[in-house]
1. Separation of segment 238-277 and segment 10-86 by C-alpha centroid, Å?
2. Can you give me the orientation-averaged projected area of the convex hull built on the Cα atoms of segment 322-426, in nm²?
3. Compute the FRET efficiency between Met112 and Val364 as 1/(1 + (r/R0)^6), taking r as their Cβ-Cβ distance and R0 = 60 Å, and round to the nearest 0.05.
4. List the residues of segment 1-34 whose backbone N lies under 16 Å from a point placed 7 Å from the Cα of His400 along the Cα-to-Cβ direction.
5. Residues with amide H under 5 Å of Leu299's amide H, sequence separation 5 or more or different chain, H placed in the peptide plane at 1.01 Å from N; which?
6. Cα axis of helix 22-31 to longest principal axis of the chain: angle in degrees, 0 to 90, nearest 10?
7. In whole Å, how far is the Cα centre of segment 143-221 from that of segment 361-426?
8. Order these peptides, 73-79, 383-389, by their mean beta-carbon neighbour count within 10 angstrom, highest first.
Amino acid sequence: MDKIIIRGGNRLSGRIQISGAKNAALTLIPAALLTEEPLTLRNLPRLADVDTFGHLVNQLGVSTEIEGKRPEVFGRVMTLKAGRITSTEAPADINRKMRASILVLGPLLARMGHARVPLPGGCQIGARPIDLHLKAMEALGADIEIGAHFVTATAKDGLKGGLVKFPTVSVGATENALMAAVLAHGETIIENAAQEPEITDLAQCLIGMGAKISGVGTATLTIKGVTSLHGDTYSVMSDRIEAGSYACAAAITGGDVELVGAQPETFEAVIEKLRAAGVSIEPTEDGMRVRCDGDIQPLTIETQPFPDFPTDMQAQMMAMLTLAKGTSVLTETIFENRFMHAGELERMGAQVEVAGRTATVRGVDALNGAPVMATDLRASMSLIIAGLAARGETQVLRVHHLDRGYERLEEKLSAVGADIERASGD
Ligand SMILES: CC(=O)N[C@H]1[C@@H](OP(=O)(O)OP(=O)(O)OC[C@H]2O[C@@H](n3ccc(=O)[nH]c3=O)[C@H](O)[C@@H]2O)O[C@H](CO)[C@@H](O)[C@@H]1O
Ligand SMILES: C=C(OP(=O)(O)O)C(=O)O
């Protein structure tokens, strides 16, 4: 298994190209199941999760063609064609690698009237049940049967529009409900929908394919079902979490970095917190510039659904705040076990105390390089950020987590001055 070795202390300076968003890509790929015509996705990030989802839809009968496999270019173009769906069963092995595979449920049901998906177990960051996805399908007329390892959903006469009222906000369940509703008979209203920009991206792609959706970007989505969708070409939005992660990396090294392609309007809550920490953020023609030439100030952060502070940025912010001039408090309200990076950051000299859903971070003067273990995707990135500022060498083990969500991380960071490399071995 690969590891990443960082010799910390270099100030980051230059330009970093931000890739297409993982979480948008992972809902746009299953959207291709909704039409027999080709859907071309541009600006798809080159990530393990995208490859895995490609393999998943291949097993359902979808062809995937990648244009111009030029290794020097970030992102790529993929054309998916679900001319004939040959299977409505999502394979169990893929589900273990990537929880977003549950997002085939809505499209398969809508197009084929049947879907069998593996019951996902918990993962490192939390239990992650799928009850809200199943309730949404039921509200659209599906019969749900929960077996020992699989859920089978059936809508013999097709899905029917209905009221989907979410008791709590779920990104994935909103995406599944939206993809199911676009081909259902009649009108669907989704209340308490998640408003994450990736959902807006999905809605815009679906509208381009002929779907009738209003209320995009709000908590109430109204969908008038159509009998079929057509193909289209759609460009995946820029990854706001990748951009936020590199902003933290620039800040902790006292750097000056332009994040090319970043869309500041998609992560204003993060930008607001970075500014409150003393980091300068300015829009540029190509994205945004992040600079930090003074001390990092402590912050109080609580994760919440969009438009508030995203849980996917909590770990990276914590890494940055380990060197703040004072005490920060981070509260995680979305996932029950998303502080595993805290213990690893402590190995590097950070002072973090976790009590339930709150972590108190007492800023220290310096971090020291150490061998640390990546436990999940964003936890891994927090260790990279800490390693960039630490004295001496940090080895981040189990980097396969990082490969799920950061396109060519070492290359992007080396280009702005980091001393970072990938090596094989444990
Ligand atoms: C591929 C993708 O887009 N992943 C993102 C998506 O995950 P994902 O879509 O899995 O996250 P959700 O928004 O669904 O989860 C939010 C909360 O709702 C709970 N829940 C969810 C579904 C359900 O049926 N029942 C239930 O109780 C979850 O356990 C969690 O506590 O949104 C999360 C929250 O912004 C992000 O951290 C993930 O990066
Ligand atoms: C939790 C994340 O992703 P996933 O839902 O794919 O596990 C993430 O992107 O931080």
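1. If we compute the Cα centre of each part, the gap is 24 Å.
2. In nm², the orientation-averaged hull projection of segment 322-426 is 6.8.
3. 0.60
4. 1-4
5. Long-range HN contacts for Leu299: Ser328, Val329.
6. In the chain, helix 22-31 runs at an angle near 10 degrees to the longest axis.
7. Their Cα centres are 37 Å away from one another.
8. Highest mean packing first, the order is 383-389, 73-79.
Readers should treat all values here as calculations from the given coordinates under stated rules, not as data from a laboratory. If you're wondering where the values come from, they're calculated on a predicted model, not measured in any experiment. Virtual Cβ from ideal backbone geometry, glycine too; neighbours counted across all protein chains shown.
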